[in-house]
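The values are calculated or read from the model by the stated rules, or taken from the named source; none is laboratory data. Every value quoted in this text rests on a predicted model; they were computed, and no experiment measured them. All Cβ positions, even for glycine, are placed from backbone atoms using ideal geometry, and neighbour counts span all protein chains on display.
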Amino acid sequence: MTAESVSSGAAPGGLDVALAGRRGDFAIDAAFTAPARGVTALFGPSGSGKTSILRAIAGLTRLDGRVRVAGETWQEGARFLPPHRRALGYVFQEASLFSHLSVDGNLAYGARRSPGGVDAAMRREVIDLLSLDRLMSRAVADLSGGERQRVAIGRAILSRPRLLLMDEPLSGLDHRAKDEILPFIERLAAGLDLPILYVSHDLAEIERLADRIVVVADGKVRASGPLNAALTDLGLGFVRDPRAAAVLPARVVAFSQEDGLAELDLGGQRVFVDGSGPEEIGLERRLRIVASDVSLARAPLASSTILNILGVEILAIEPGGRADLAILLALDGAPDLTFMAKVTRRSAARLSLAPGDRLHAQIKSVSLATSAMPRSR
Amino acid sequence: MIDTGDVFSALTLTLELATVTTLVLLVLGTPLAWWLARSRSLVSDMVGTLVALPLVMPPTVLGFYLLIALGPSGLGGLFGLRSLAFSFPGLVIGSVVYSLPFVVQPIRNAFEAVGDRPLEVAATLRASPLDRFFTVAVPLARAGFLTGTVLGFAHTVGEFGVVLMIGGNIPGETRVLSIAIFDYVEQLRFADAHLVAGGMLVFSFLVILAMSRIGRRIGEVRP
């Protein structure tokens, strides 16, 4: 994750959106870009206009402005392509499979209509990717919510889109179904060579899936950029959430059979987390560091149960609550890798913390954002 | 003595009329039902009301207006005839108007029940409007089509007032079963009347039974 400029234009192959208009008594004015690969989250509270923006990108509803995808203009000025002429996949909140078709028929619906068609190899790949094999002969009505959503995702991908839009695809599911389907979406995001726009009001999902985030409030874009840059932007207020966390990329370098801990490289420093096995070595993982789990010390504690102690520099200090301060930290030697600490005003005064100070951050628990998902509120 | 040739000719004419009428109604009624289901304009409300009128109007009133409409200053004149009334085409036109609500209403309700979402999904899967109408809207509304077809057919078989007004009683041309019964009773041919009336009774029973069975079977696979 790099601190690239938020206002940079869309990379070739990416998504470039600038839409404005009224939906009922609600004004939307949103402009953002998304790169050609990876998940861009459209985040905001319910009723903030996320779905309206997504529908307008698909052409299902009409707003004024511009939509460009992979160098192709879907909408600009008088030009307005209807949805069926836009090469997009749309996964709706509820699975909305065609009840008059089988699972196979649903998958074939989009595939048959995609220009160039879908060959057997690609079909096989999508079926394997989403583990749809066992579902093929089942009636749509007999599928569970999670299974339906997997079929809907497969159907969207098999129409060979150049942009995948997902409108809170997990919101109708219970926790068990969410945990079951999230790994599939993760694999998808890693394997698909197209931009994915993922609408959600659930930060836990976004921490797991997104590479970038567009923060929407009252129909306007409040911020957009790399995920961690937004999560640790003290001005955006994520830090006020009790579960506020940073999400950082780290590489697994070792695994201890003795105590089950994986050792990860985070910007040149070492972090230990509950690991799953030696097969993880070499893989990139997302570390989730919760701000309220981070404490600061001038000198490293010699005897402590805390395993993860990182050298950091204070970048900024902001009020975080009545008794708390929110402190933005960067890893020593890796200024792009930022996370937050919540400390009491009294402690901060006692240590006379100030921007520029180099300290030891003791982290009570570091977890993998890809392990068991934190429960949404 | 029962004149089976007489009954048979009335029966084939009735089936012919009901078949042609139902086919015409499906062709005309489907787009009409689609429009009524999707439009919220005053015009569509007014057309919807017009379509429903035969449900409450006395068939003789309808028949009277049709008689005028099919006459020399109406459709009949258009085709260079004295009148379309008292002919098979005239009978078809009358039956179409009279049975219209029985076909349009179930199809319209079924289209409304389909809702926007499946069509939006189809649009995002690159189906054009016509494509998604035939591959999504129609299959999802199939229960409405079956109900409309059965009701339209049965209702045409059973119509009396309109046929009497515009069709008269020409054997082999406009003399359908319901008229035939009326005729037999007037001529005190009770055996013939029994045969036809009994047949109609069984037919009606089977129609309603079939409809409820179809409705349940299709209902099972609907979401």
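Condition test on B:Ala122, is it modelled with pLDDT of 90 or more and within 14 Å of chain A (Cβ to nearest Cβ)? Answer is yes for this residue. For A:Arg155, are the conditions met, namely being touching a residue at least 40 places away in the same chain (Cβ under 8 Å), basic (Lys, Arg), facing chain B (nearest Cβ under 10 Å) and buried (at least 17 other Cβ atoms within 10 Å of the Cβ)? So A:Arg155 fits the description; yes. Of the numbered criteria (1) of a type in the set (Asp, Glu); (2) within 29 Å of the chain's Cα centre (by Cα); (3) more than 14 Å from chain B (Cβ to nearest Cβ), the one A:Glu94 fails is (3).
Suppose the filter is facing another protein chain (nearest Cβ under 9 Å), under 28 Å from the mean Cα position of the chain (by Cα) and either more than 30 Å from A:Gly219 (Cα to Cα) or surrounded by fewer than 18 Cβ atoms within 10 Å (Cβ to Cβ) (or both); does A:Gly110 pass it? The answer is yes for A:Gly110. May I ask you to verify whether A:Ala230 is buried (at least 16 other Cβ atoms within 10 Å of the Cβ) and in contact with an Asp or Glu (Cβ under 8 Å, 6 or more places away or on another chain)? The answer is no for A:Ala230.
Between A:Asp211, A:Asp179, the distinction of being surrounded by fewer than 18 Cβ atoms within 10 Å (Cβ to Cβ) and not β-branched (Val, Ile, Thr) belongs to A:Asp179 only. The single condition from (1) at pLDDT 95 or above; (2) in contact with a Phe, Trp or Tyr (Cβ under 8 Å, 6 or more places away or on another chain); (3) not small (Gly, Ala, Ser) that B:Leu32 fails is (2).
Residues checked against (1) of a type in the set (A, V, I, L, M); (2) within 18 Å of A:Ala189 (Cβ to Cβ); (3) touching a residue at least 12 places away in the same chain (Cβ under 8 Å):
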{"position": "A:Leu203", "(1), (2), (3)": "yes, yes, yes"}
{"position": "A:Glu207", "(1), (2), (3)": "no, yes, yes"}
{"position": "A:Ala210", "(1), (2), (3)": "yes, yes, yes"}
{"position": "A:Arg222", "(1), (2), (3)": "no, no, yes"}
{"position": "A:Ala229", "(1), (2), (3)": "yes, no, yes"}
{"position": "A:Leu234", "(1), (2), (3)": "yes, no, yes"}
{"position": "A:Arg240", "(1), (2), (3)": "no, no, yes"}
{"position": "A:Ala245", "(1), (2), (3)": "yes, no, yes"}
{"position": "A:Arg251", "(1), (2), (3)": "no, no, yes"}
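In this structure, A:Asp293 does satisfy being within 27 Å of A:Leu351 (Cα to Cα) and either at pLDDT 90 or above or exposed (fewer than 12 other Cβ atoms within 10 Å of the Cβ) (or both). The sole residue among B:Val136, B:Val97 that is touching a residue at least 24 places away in the same chain (Cβ under 8 Å), crowded, with 17+ Cβ neighbours inside 10 Å, touching a helix residue (DSSP H, G or I) at 6+ places or on another chain (Cβ under 9 Å) and among the aliphatic types (A, V, I, L, M) is B:Val97. Within the range A:274-286, residues that are touching a residue at least 60 places away in the same chain (Cβ under 8 Å) and over 16 Å from A:Asp259 (Cα atoms) have Cβ atoms under 7 Å from residues that are assigned to a loop (DSSP other than H, G, I, E, B) and hydroxyl-bearing (Ser, Thr, Tyr) in these pairs: A:Arg285/A:Thr370; A:Arg286/A:Thr370, counting only partners at least 6 apart in sequence or on another chain. Of the residues making up the range B:176-195, those that are farther than 15 Å from B:Gly5 by Cβ and assigned to a helix (DSSP H, G or I) are B:Ser178, B:Ile179, B:Ile181, B:Phe182, B:Val185, B:Glu186, B:Phe190, B:Ala193, B:His194.
Residues of the range A:67-112 that are in a loop (DSSP other than H, G, I, E, B), under 16 Å from A:Gln149 (Cα atoms) and of a type in the set (Gly, Ala, Ser): A:Ala95, A:Ser96, A:Ser99, A:Ser102. The strands (runs of 3 or more DSSP E) found wholly in the range A:173-289 and carrying at least 1 residues that are under 29 Å from A:Thr33 (Cβ atoms), touching a strand residue (DSSP E or B) at 6+ places or on another chain (Cβ under 8 Å) and not assigned by TED's automatic domain parsing to the domain that holds A:Pro35 occupy A:245-255, A:261-266. Within the option set B:Phe160, B:Phe190, B:Phe205, being over 30 Å from A:Gly110 (Cβ atoms), loosely packed, with under 15 Cβ neighbours inside 10 Å and touching a Phe, Trp or Tyr at 6+ places or on another chain (Cβ under 8 Å) holds for one residue only, B:Phe190.
Listed by first and then second residue, the pairs linking a residue in the range B:28-46 that is in a helix (DSSP H, G or I) to a residue that is of a type in the set (Ser, Thr, Tyr), with Cβ atoms under 7 Å apart and 6 or more places separating them unless they lie on different chains, are B:Trp35/B:Ser44; B:Leu36/B:Ser44.
Just one of (1) surrounded by 15 or more Cβ atoms within 10 Å (Cβ to Cβ); (2) under 18 Å from the mean Cα position of the chain (by Cα) fails for B:Leu195. It is (2).
Here B:Met165 meets each of (1) touching a residue at least 40 places away in the same chain (Cβ under 8 Å); (2) within 14 Å of chain A (Cβ to nearest Cβ) with one exception, condition (2). Of all residues in the range A:3-38 being in contact with an Asp or Glu (Cβ under 6 Å, 6 or more places away or on another chain) and at pLDDT below 90, which is nearest to A:Ala230 (Cα to Cα)? Selected residue: A:Ala3.
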